[in-house]
Each structure stands twice: as structure tokens, then as C-alpha cells.
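Everything on this sheet refers to the single structure shown next.
The values are calculated or read from the model by the stated rules, or taken from the named source; none is laboratory data. Everything numeric here is computed off the predicted structure, so don't read it as measured data. Glycine gets a Cβ as well: all are built from the backbone with ideal geometry, and neighbour counts include every protein chain shown.
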Amino acid sequence: MRPFGYTRADTSESAARQAASGGTFIAGGTNLLDLMKLEVMAPEALIDINRLDLGAIEETDDGGLRIGALVSNSDLANDARIRKDWPVLSRALLAGASGQLRNKATTGGNLLQRTRCLYFYDRAMPCNKREPGAGCSAKDGFNRILAVLGTSEHCIAAHPSDMAVAMRALGAEVETLKENGSTRRLTLDNLYLLPGDRPDQETVLEPGELITAVVLPAPVDGKQTYRKVRDRASYAFALVSVAGIAKLENGRIARANLAFGGLAPKPWRNAEVEALLTGEAPSEDLFNKAADLLLAEAQGYGANDFKIPLARRTLVSVLNELTQEAQQ
Amino acid sequence: METNLTINGTEQRLDLDPRTTLLDALRHHLGLTGSKKGCDHGQCGACTVMVNGRRINACLTLVCMHDGDEVTTIEGLGQPGNLSPLQEAFVNEDGFQCGYCTPGQICSATAMLKEISDGWPSHVTDDLDGKAKLTAEEISERMSGNLCRCSAYPNIVEAIRKAAGENT
Ligand SMILES: Cc1cc2nc3c(=O)[nH]c(=O)nc-3n(C[C@H](O)[C@H](O)[C@H](O)COP(=O)(O)OP(=O)(O)OC[C@H]3O[C@@H](n4cnc5c(N)ncnc54)[C@H](O)[C@@H]3O)c2cc1C
Ligand code: SF4
Ligand code: FES
Ligand code: FES
């Protein structure tokens with residue numbers, strides 16, 4: 001690890017100011033320290049935010065929840081309100097990492113964890129995300145775990161988070177505090193950037209901008225599920241995952257929220273797919289049409305070609321599960 | 001960076017390079033070599049210790065981030081002649097071969113049994129609202145952050161079941 005300065009921040013405002021002048025926030029440290037050991041990330045100064053008052057889960061006036069950025073993945077998954085009314089989020093968290101890691105991993109850090117692309121981790125190999133302009137080793141390399149949607153010729157990395165996929169399906173928003181003291185709210189769609197020609201820029205956050213909370217809207221009516229397909233039954237990142245919420249009324253789909261992991265550089269959601277399903281009676285044919293639409297622009301890069309049919313089968317299976325049991 | 005923390009009940013004052021992980025502080029500066037370094041990247045669980053009662057990977061955290069915390073390592077769980085129920089069960093059930101992963105397995109299992117008795121669900125728990133039973137499937141899922149290169153898994157699961165007793 002390269003040497004760095006270390007400061008324990010007392011207030012969110014001072015943390016934001018310190019980070020704006022060259023500091024990097026550290027929360028659980030489970031992603032940042034991993035990358036610092038490999039010198040893939042080499043911050044000049046770490047701003048330890050663990051003492052900030054961002055550890056609560058509070059109810060909002062409109063029936064939602066405001067989750068502090070420092071709430072651990074374990075505490076969030078185990079929260080009685082989340083388990084009851086936002087179960088897809090509990091399920092996604094419990095499907096991620098290990099018991100030890102979930103105890104340290106935080107809500108803010110989980111959203112901003114970096115890709116698991118093997119070449120991003122390997123400093124001997126060119127990678128545009130690490131070093132803009134160097135080239136992408138993954139496009140013609142070992143890209144089995146990488147993305148098929150939203151990629152660019154400069155980067156095909158997939159976003160690795162499970163939690164963020166469930167949050168995307170739930171319509172969560174991120175609250176931030178900037179260096180100048182102003183705050184803003186961003187949908188997850190607006191938080192993340194697609195790689196384009198600058199894959200090193202992953203979010204719209206400005207230097208020093210601190211995530212203070214994630215706000216969940218009031219519970220979404222309908223059956224919820226998180227399906228994660230991976231190489232091992234536990235402790236492995238998603239190849240494909242689907243967070244789904246669907247509600248049937250009089251034999252027709254009244255609403256469908258669907259978000260996807262493992263497929264794209266950010267948790268993926270496609271409003272057209274949801275519109276296609278809404279108002280229709282569930283059928284295998286309908287579900288396949290939804291998959292056609294979702295995957296119309298999907299592009300494989302060889303080793304990850306299998307993700308396209310896998311995403312189709314996973315989506316159809318999830319839609320069957322969500323609509324069949326609700327009919328009983 | 002000055003850091004004051006309690007390790008196995010003893011207060012320690014450390015002043016180490018901020019780069020020092022909790023694992024390296026334990027092993028290299030405090031002589032507590034029970035916690036092992038397998039991967040140094042959060043992938044194997046050999047470094048598992050408990051901080052404020054919760055299990056974490058000591059390799060993926062800096063010791064300076066633990067000012068004021070209480071750390072429990074395998075040495076703090078029990079010693080020869082005074083073993084914890086899990087330590088005893090690992091011996092009796094042959095829950096290891098080379099033993100390298102064992103301190104991490106036992107620290108992890110100690111905290112895991114508390115998690116399950118506190119009602120935490122897991123990925124394999126059917127009902128998020130109900131209380132999970134300590135089945136072999138639940139143990140395997142909850143212990144998946146601890147790898148064993150000797151593949152002593154069947155006896156590790158058995159040791160945990162025995163230590164937890166029949167009533168769980
Ligand atoms: C072996 C292994 C397996 C894993 N498996 C999975 C898995 O299956 N699924 C999954 O989803 N994840 C998995 N993870 C990743 C894990 O979920 C992340 O490492 C964790 O969520 C990151 O959170 P953290 O608090 O430790 O972040 P940190 O490492 O502290 O920070 C990550 C980044 O976020 C920034 N940051 C942190 N907090 C804030 C904030 N409040 N505001 C602004 N910036 C902030 C930091 O500056 C840093 O750049 C795995 C990790 C490991 C090591
Ligand atoms: S896919 Fe992205 S992260 Fe991976 S090597 Fe290419 S540029 Fe780097
Ligand atoms: S040494 Fe910490 S997880 Fe492997
Ligand atoms: S007993 Fe050898 S690694 Fe587990």
C-alpha cells in the first residue's frame with residue numbers, strides 16, 4: 001500500500017470539505033482497502049467517516065425509509081421493517097458477500113464499490129477505467145463476468161452490487177452533501193454514468209460529495225423476489241440477477257418493477273419492458289417478448305455471450321414465480 | 001496514528017503506520033498469531049475476529065479505524081485447559097486437518113451462533129419473518145465466508161451443531 005494521510009472526521013460537513021481537497025472517504029473499507037493493497041487505488045488521504053452520525057434507519061413522512069449511509073449491510077438486511085415491507089432488499093443483501101463482509105460493508109460504500117473486472121485489478125494489463133486511454137484488455141480477454149448491456153468500446157465492466165439492484169427496483173434515491181454545504185437527491189439511474197469514452201468516471205458525484213442516506217419510497221405493492229445466478233451457491237458475485245416486484249389484478253399484471261444485476265455497468269432497469277408487461281395477462285409468450293425487448297441491444301464479447309440467454313431464462317423464471325404464486 | 005482499543009479484555013495503546021491492518025497489528029505487533037492470513041483480500045475468512053461482538057475480516061480493516069473498539073480473537077475465546085464450547089467441539093469432531101483455517105472458523109462460528117439466536121435470517125432461510133433453524137444448510141450458508149483448503153467442511157458443520165446443542 002502507498003502511504004496516505006489519515007483523518008477521523010467529526011462532522012459530515014468537515015468530511016466533505018476534507019475530501020474535496022484530495023481526500024477519499026473510507027467507510028467499511030472492504031472494497032477500498034482491497035484495491036489499495038493492489039495499488040489500483042492510491043488515495044493521498046483517507047477521511048474515516050465511521051464516526052459520523054449516519055447510522056440510523058428512520059421512517060419518512062410518506063411511509064418510506066431513510067437509510068443512513070453508514071448502516072451496515074447486515075443491519076439493513078435484518079431490519080424488521082425492511083424484511084416485512086421491502087423484502088427484495090433484504091434478499092439482495094443476504095445474497096451478497098459473506099457474513100463477515102456484510103457486517104462491515106456500508107450502504108454508501110456498497111453503492112460505490114468498483115467493478116470486479118479482472119484486468120481492473122491487474123496493474124500489469126491495460127485498463128481504461130484505471131488509466132484512461134490505455135485500452136481495454138477485457139473486450140478480447142477473460143470477460144465471462146462482464147456486461148452485455150450499456151457497455152462501450154472503451155469498457156465492458158459490470159457493476160457488482162446486489163443491494164443496488166434491489167434499490168433500483170424499489171425506486172430508491174441517494175441523498176448527498178456537497179463540500180459547499182448544499183444537498184441534493186439523485187435517483188440511482190442518475191447517480192451512475194455509463195462508461196462511454198470515460199469509464200473512469202462512474203458517478204456524477206463531485207469531489208468531496210458525501211452520500212448521507214438512501215431514501216426508499218413507501219412500500220411497493222406486490223410480490224417481491226431477488227434471484228441471483230452465480231458460479232457457486234454462496235459467496236460469489238452475480239452472473240445475472242433480477243430484482244422483481246409484480247402485482248396481479250384480475251388476472252392481469254397491474255405493475256412490474258424489474259431491475260437487473262451482472263448485465264450492465266450500473267443496476268439496469270428498462271421502463272419499456274415494464275410497460276410491455278403492464279395490463280397484460282401473464283404468459284410464457286409475454287415473458288419472452290419482455291426478454292426480447294430487454295435484450296434487443298445486448299452484445300456479448302465471447303466468454304460472456306452466455307449471459308444473454310441466461311438473462312432471458314432468469315427473467316422468464318422470475319416472472320413466472322411472481323405471477324403464479326400471486327394467482328393462488 | 002494513536003489508537004486505543006481493547007483486545008481480549010486488555011487495553012492496548014498502539015501507535016502504528018496508518019497502513020497497518022487490524023490483522024497485521026494483531027499478528028506482528030501484539031504477538032496474537034492465532035488469527036491467520038490466508039488471502040489478505042477478504043476472500044477466505046482465515047483472519048476472522050470479532051469486533052464489538054460482530055465477526056469481520058481483520059485483513060480488510062485498518063487498526064486505526066478501531067479506536068475505542070473491543071476485539072476478540074481466537075486467543076480470547078479460550079485457552080488449552082479452558083476451551084470454549086466451539087473449540088472443544090472442533091477438537092472432538094475432528095473439525096480440521098491442517099488447522100490453518102480453524103481460528104477463523106471458530107471466531108466466525110461463535111458470532112454466527114449469536115446471529116442466528118438473535119433471529120438474523122440468511123440467504124437460505126425460507127421465511128424472512130420466522131426464526132431460522134440451525135440446519136446443515138443454514139450452517140453452510142452462514143459459514144460460506146470461511147474457506148477450508150483441506151475441505152474439513154462436514155466435520156466443521158458437525159462441530160458447530162454439537163456446540164450449539166440439540167435445542168437449536
Ligand atoms: C470477497 C468479497 C466478496 C464480495 N461479494 C459481494 C457480492 O456477492 N455482492 C455484492 O454486492 N458485494 C460483494 N462484495 C463487495 C462488498 O459488498 C463491498 O466491498 C462493500 O459493500 C463496500 O462497502 P464499504 O462500506 O466497505 O465501502 P468502502 O470500501 O469503505 O468504500 C467503497 C467506495 O465508496 C466510497 N464511499 C464509501 N462511503 C461513502 C459515502 N458515504 N459517500 C461517498 N463515498 C463513499 C469510498 O470512498 C470508496 O471509493 C464482496 C466483497 C468481497 C471482498
Ligand atoms: S472492461 Fe473496463 S474495467 Fe475491465 S479492462 Fe476494460 S476498461 Fe478496464
Ligand atoms: S486473510 Fe482475511 S479474508 Fe483471507
Ligand atoms: S483445516 Fe486445513 S484449511 Fe481448513
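Tabulated data
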quantity	calculated
Selection status of B:Thr20, under 13 Å from the mean Cα position of the chain (by Cα), surrounded by fewer than 23 Cβ atoms within 10 Å (Cβ to Cβ), within 14 Å of another protein chain (Cβ to nearest Cβ) and on the phi < 0 side of the Ramachandran plot	no
Candidate set: segment A:36-75, residues that are part of a strand (DSSP E or B) and of a type in the set (A, V, I, L, M); chosen: the one nearest to the other protein chains (Cβ to nearest Cβ)	A:Leu46
Residue among B:Gln105, B:Gln97 that alone is outside the structural domain of B:Thr6 (by TED's automatic domain parsing), within 15 Å of ligand 3 (Cβ to nearest atom) and among the polar types (S, T, N, Q)	B:Gln105
Neighbours by Cβ (under 6 Å, 6+ apart or cross-chain): first from segment A:99-122, among the β-branched types (Val, Ile, Thr); second within 16 Å of ligand 3 (Cβ to nearest atom)	A:Thr106/A:Gly28
Residues being aliphatic (A, V, I, L, M) and touching a residue at least 24 places away in the same chain (Cβ under 8 Å) - total across segment B:93-132	6
Selection count where residues are free of Cβ contacts under 8 Å to residues at least 60 places away in the same chain and either surrounded by 20 or more Cβ atoms within 10 Å (Cβ to Cβ) or among the small types (Gly, Ala, Ser) (or both), scope segment B:157-168	3
Any hit, segment B:55-68, residues being within 15 Å of the chain's Cα centre (by Cα), within 13 Å of ligand 3 (Cβ to nearest atom) and surrounded by fewer than 18 Cβ atoms within 10 Å (Cβ to Cβ)	no
Candidate set: segment A:72-87, residues that are touching a strand residue (DSSP E or B) at 6+ places or on another chain (Cβ under 7 Å) and surrounded by fewer than 24 Cβ atoms within 10 Å (Cβ to Cβ); chosen: the one nearest to A:Ile211 (Cα to Cα)	A:Ser72
Those residues of segment A:1-22 which are touching a strand residue (DSSP E or B) at 6+ places or on another chain (Cβ under 8 Å) and within 13 Å of another protein chain (Cβ to nearest Cβ), in sequence order	A:Phe4, A:Gly5, A:Tyr6, A:Thr7, A:Arg8, A:Ala9
Failed condition for A:Leu33, given (1) under 19 Å from A:Gly96 (Cα atoms); (2) in a loop (DSSP other than H, G, I, E, B); (3) among the hydrophobic types (A, V, I, L, M, F, W, C); (4) more than 17 Å from the chain's Cα centre (by Cα)	(2)
Tally, over segment A:159-208, of residues that are within 16 Å of ligand 2 (Cβ to nearest atom) and either under 26 Å from A:Ala97 (Cα atoms) or assigned to a strand (DSSP E or B) (or both)	12
Per-region count, segment B:89-109, residues surrounded by 15 or more Cβ atoms within 10 Å (Cβ to Cβ) and either of a type outside the set (Gly, Ala, Ser) or out of contact with any Lys or Arg (no Cβ under 7 Å at 6 or more places or on another chain) (or both)	12
Test: residue in segment B:118-133 that is of a type outside the set (Ser, Thr, Tyr), more than 14 Å from chain A (Cβ to nearest Cβ) and either within 16 Å of ligand 1 (Cβ to nearest atom) or closer than 30 Å to A:Gln224 by Cβ (or both)	yes
Those residues of segment B:115-156 which are in a helix (DSSP H, G or I), surrounded by fewer than 14 Cβ atoms within 10 Å (Cβ to Cβ) and out of contact with any helix residue (DSSP H, G or I) (no Cβ under 7 Å at 6 or more places or on another chain), in sequence order	B:Ser117, B:Pro154
Residue match in segment B:46-61 (condition: assigned to a loop (DSSP other than H, G, I, E, B) and free of Cβ contacts under 8 Å to residues at least 24 places away in the same chain)	yes
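Here's the yes/no breakdown for (1) of a type in the set (A, V, I, L, M, F, W, C); (2) not in a loop (DSSP other than H, G, I, E, B):
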| position | (1), (2) |
| --- | --- |
| A:Ala77 | yes, yes |
| A:Val88 | yes, yes |
| A:Arg102 | no, yes |
| A:Met125 | yes, no |
| A:Ala147 | yes, no |
| A:Gly150 | no, no |
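The rows are residues; the columns are (1) near ligand 1 (Cβ under 8 Å from one of its atoms); (2) farther than 15 Å from A:Phe237 by Cα.
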| position | (1), (2) |
| --- | --- |
| A:Gly99 | no, no |
| A:Gly109 | yes, yes |
| A:Leu112 | yes, yes |
| A:Arg130 | no, yes |
